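Worksheet: the structure to be examined is printed underneath.
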Amino acid sequence: MNHNSGNSWFDRFANAGESDPVVGGELARGGYSAFSDLLDGLRRHLAAAEEEQIPQLKELVKKGRSMVPDPGAISPSWETVWDDFDRYITFKLEAMSAIAVPEREGEWQIVMNNPYTNDGIACYPGLTFPEAAYLYAYFRKDLKKNEYLRMQKIVNLLVVQGD
């Protein structure tokens, strides 16, 4: 997994040692924007990750816990961010283990619905398999009673667009 795409906070974090006090301190001083950039990079890597990259992602989350042990101090919405990433990884692996590697090529989509509410159906089409597995994990984490989540491969497709 290449973390050398620039000089973002995520890149600095990913390339730092396990408990690098300099980068950890800089992240703390960088506040919301620095930590937000780190999380965005981590999400991008998780969304694109294949199974063989999952151990590296687990190590990044472990490093994040070590460098930023209390992300809730930066923003209350990040109180459980490291636990959330652990669950995303677990659920992404759940999706990946359910689909054989030869069946993963092609277009995928995620569909969510709760048939007992008036809320509309949510559909996320046009995904690669790793992207669909990530969205499956993302939504699976907070699935409510009676909601369902479908990760499905598009076999036949007809697309029309208005003028």
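Could you count how many residues in segment 141-163 are part of a loop (DSSP other than H, G, I, E, B), of a type in the set (A, V, I, L, M, F, W, C) and open to solvent by less than 70 Å² (accessible area, probe 1.4 Å)? Spell out how you get there, then give the answer.
Step one: list which residues in segment 141-163 are part of a loop (DSSP other than H, G, I, E, B), which gives 141-147, 154-163.
Still in the list and also of a type in the set (A, V, I, L, M, F, W, C): 143, 154-155, 157-160.
With open to solvent by less than 70 Å² (accessible area, probe 1.4 Å) added as a condition, the list becomes 143, 154.
Selection size over segment 141-163: 2.
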* To do: State which residue is surrounded by the most Cβ atoms within 10 Å (Cβ to Cβ) when the search covers only segment 70-95 and only residues that are out of contact with any helix residue (DSSP H, G or I) (no Cβ under 8 Å at 6 or more places or on another chain) and not in a loop (DSSP other than H, G, I, E, B).
  => D84
* To do: Could you figure out which of (1) open to solvent by 70 Å² or more (accessible area, probe 1.4 Å); (2) farther than 29 Å from A95 by Cβ; (3) part of a helix (DSSP H, G or I); (4) free of Cβ contacts under 8 Å to residues at least 40 places away in the same chain isn't true of N7?
  => (3)
* Can you tell which of Y124, Y134, Y138 is touching a helix residue (DSSP H, G or I) at 6+ places or on another chain (Cβ under 9 Å), in a strand (DSSP E or B), of a type in the set (F, W, Y) and at pLDDT 95 or above? -> Y124
* To do: Please identify the pairs in which a residue from segment 95-120 that is touching a residue at least 12 places away in the same chain (Cβ under 8 Å) has its Cβ atom under 6 Å from the Cβ atom of a residue that is open to solvent by 90 Å² or more (accessible area, probe 1.4 Å), counting only partners at least 6 apart or on another chain.
  => V111/R150; N113/I121
* To do: Identify, by number, the condition in (1) among the aliphatic types (A, V, I, L, M); (2) assigned to a helix (DSSP H, G or I); (3) more than 15 Å from A14 (Cβ to Cβ) that L42 doesn't meet.
  => (3)
* Structure fact -> Those residues of segment 86-119 which are at pLDDT below 95, farther than 21 Å from L157 by Cβ and touching a strand residue (DSSP E or B) at 6+ places or on another chain (Cβ under 9 Å) amount to N114, P115, D119
* Total residues in segment 100-137, condition out of contact with any Leu (no Cβ under 9 Å at 6 or more places or on another chain), of a type in the set (S, T, Y) and either within 17 Å of E50 (Cβ to Cβ) or open to solvent by 80 Å² or more (accessible area, probe 1.4 Å) (or both) -> 2
* Would you check if S66 is exposed (fewer than 15 other Cβ atoms within 10 Å of the Cβ), modelled with pLDDT under 95 and in a helix (DSSP H, G or I)? => yes
* **The listed residue being under 22 Å from L149 (Cβ atoms) and at pLDDT 90 or above, out of D37, D83** => D83
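Looking only at segment 13-55, which residues are among the basic types (K, R) and surrounded by 13 or more Cβ atoms within 10 Å (Cβ to Cβ)?
Scanning segment 13-55 gives R43, R44.
Condition first: on the phi > 0 side of the Ramachandran plot and free of Cβ contacts under 8 Å to residues at least 24 places away in the same chain. Now tell me which residues in segment 121-163 satisfy that. Spell out the reasoning first.
At the first step, the residues of segment 121-163 found to be on the phi > 0 side of the Ramachandran plot are 126, 146.
Selection gives G126 alone.
The values are calculated or read from the model by the stated rules, or taken from the named source; none is laboratory data. On a predicted model such as this, the values are computed, not experimentally measured, just so you know. Quick reminder, even Gly has a Cβ in these numbers, built from the backbone with ideal geometry, and neighbours come from all protein chains shown. Ligands, DNA and RNA are excluded from the accessible area calculation, which covers all protein heavy atoms including side chains. Shrake-Rupley method; radii C 1.70, N 1.55, O 1.52, S 1.80 Å.
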